[in-house]
Every structure is written in C-alpha cells, then in structure tokens.
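> The following block contains the structure, expressed as structure tokens.
Just so it is clear, none of the values below were taken in a lab; they were calculated from the coordinates. Note that the structure is predicted; figures quoted are calculated from it, not measured. Here the Cβ positions follow ideal geometry from the backbone for every residue, glycine too, while neighbour counts run over all protein chains shown.
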Amino acid sequence: MLGKQGWRLLTNPTSLVARVFQARYYPQGTFFDAELGSNSSYAWRSVFEAQEVVKMGARWRIGIGDTEFGSWFESFCNTHPGDDIDKLAMILWGVWGARNDLLWNKKIASVERVVSAAITYLELWKVAQLKNGGVSASPSQVSAKSELWSKLSLGELKVNCDAAIFSREKSHGLGWIARDSAGVLLTAAAVKINGDVDPVVVEAMSMKEALS
C-alpha cells in the first residue's frame, strides 16, 4: 500500500498530495531524491519507508515496453531519411559518451548538451568529408562495399565491447554487452582497472572478457 503511494508521488507529481510533499521534502528533485529530513510528519515517514521498494521496481522503457530496441532501430532506419538516421547515430554515440563520463569521471551532462554536441559533431564531420572530397557525407550514399547494420539471423548473438584509457588516473576501463537475435539483453558489464596499459592491449582485453 505504501509502495503504491510512493509510486503515485513519482508518476503523478501534479496531485495535491505530491505537491505538498515535494514543497517540503524534495523541492529540487523527485520522490527518488527525497530524504527523510528532521521533524517529518508521520505520513511522510511512512511513505518514505517505501522509497527503496519503489526504486527496485522502477524501470525505464522505450514506448510502452513491448518493443525491443533492435526492432525499433530497424523500423526507424526503414522509415526515415538518411539525414535523420545520421542524427540518431550521432545522438546514440553522444549518449554512450555521456554515460561513460558519468560512470568513470562522475561528470553529468544535460540532455540538451548531449544532443547539441552530437549534432555539432555531425555537421563538422560532414563538412570535413566534403572538403576532403572523399568519403560520402551521408550514410545513404555509402557504397555497397561499406559495412552496414543488418538484423541478426535467428539463433545468432551479437556482442559489443569497448575500452577506455584514463591517463590521469593511471587506469583503464572495459565494457561489453551481449544480445540475442531478438535484441534481448543477455549480459552486460563494465569494470575499471588500475594500471597503465597500451590502448591496443586494452581493446583486446575487452574482447577477451566479453567472450569469456
């Protein structure tokens, strides 16, 4: 029962009860950011006890939760022009970079900053390609010999891995994720290890750990 009350505070922040609690206990955030505080009311202490339970049951989903990312991405690519696909790819890359900054460097970037930076990088890349007169400025113009994303066949698995060097901290990070042919997450992990290692070796370590 208390868990439901906490969930309502989170999902219906404009209700009278939610606004009263927010004004007193978490004016700058959400129910998840709230602290018990001093001289709190009995009602708030009761609801606050359910905060961790609500957190454990909370999940972010794309759409209504019945669409796997792989299927959504394929549909997007099949129904949108090349320019939109370019932007999506760069924004996803930007989100990945922001995630790494938060995880490894404790740096927080706003949504606006991530999107703006991604679009700026994309435009700069296109200009550079046009000046060089070589590589096409649009994925829609890429030759048939280039590598393109394709859906996995039934029974196949896809593993993505990456690595990063943190020179100032004299450490390195490894990360990997595996999905099946339906896009369902099988396993994912990220670790940070102390020690100076050659970038090529770190990439190889990431691949080894992903396949272990």
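> So between Ser167 and Trp96, what do we pick up on full extension, going 0.36 nm a residue minus the alpha carbon distance?
23.6 nm
> Taking amide hydrogens as modeled 1.01 Å from N in the peptide plane, which residues meet the under 5 Å criterion relative to Ala50, leaving out close sequence neighbours?
Hits under the 5 Å cutoff: none.
> Using alpha carbon centroids, what distance separates the stretch 148-178 and the stretch 98-115, in Å?
Result: 18 Å between the Cα centres.
> Separation between the Asn105 and Asn12 pseudo-spin-labels, each 7 Å from Cα along Cα→Cβ, expressed in nm?
Result: 4.3 nm between the two label points.
> Shifting gears a bit: Set the Förster radius R0 to 41 Å, insert the Cβ-Cβ distance between Val20 and Phe69 as r into 1/(1 + (r/R0)^6), and round the FRET efficiency to 0.05.
In this case the efficiency is close to 0.60.
> In the structure displayed, which of Lys87/Lys208; Lys126/Lys192; Lys87/Lys151; Lys126/Lys151 lie more than 30 Å apart, Cα to Cα?
Going by Cα-Cα distance, Lys87/Lys208; Lys126/Lys192 fall outside the 30 Å limit.
> Taking 22 Å as R0, compute the FRET efficiency from the Cβ-Cβ separation of Phe32 and Asp180 and round it to 0.05.
0.10
> Still on this model: For the pair Ala204/Ser46, report the inter-label distance in nm, with labels modelled 7 Å from Cα in the Cβ direction.
So the label points at Ala204 and Ser46 sit 6.3 nm apart.
> Related question: Calculate the FRET efficiency for Asn39 and Leu211 from the Cβ-Cβ distance with a Förster distance of 35 Å, rounded to the nearest 0.05. Kindly include the intermediate steps, with their values, before the conclusion.
Details: r = 56 Å, r/R0 = 1.59.
Efficiency at R0 = 35 Å is approximately 0.05.
> What distance in nm separates the simple spin-label points at Glu112 and Lys192, each placed 7 Å from Cα in the Cβ direction?
2.8
> Then there's this: Arranged from highest to lowest average of other beta-carbon atoms within 10 Å per residue, in what order do the peptides 173-183, 13-23 appear?
Highest mean packing first, the order is 173-183, 13-23.
> Rounded to two decimals, what is Rg over Rh for the stretch 2-57 when you use alpha-carbon atoms and the Kirkwood radius?
On the way: Rg = 10.0 Å, Rh = 11.0 Å.
Result: Rg/Rh = 0.91.
> Turning to a different aspect of this structure: Roughly how compact is the stretch 157-211, stated as its Cα Rg over 2.2 N^0.38 Å to two decimals? Provide the component values of the computation, followed by the final result.
Details: Rg = 12.3 Å, N = 55, 2.2 N^0.38 = 10.1 Å.
Cα-based Rg divided by the globular estimate yields 1.22.
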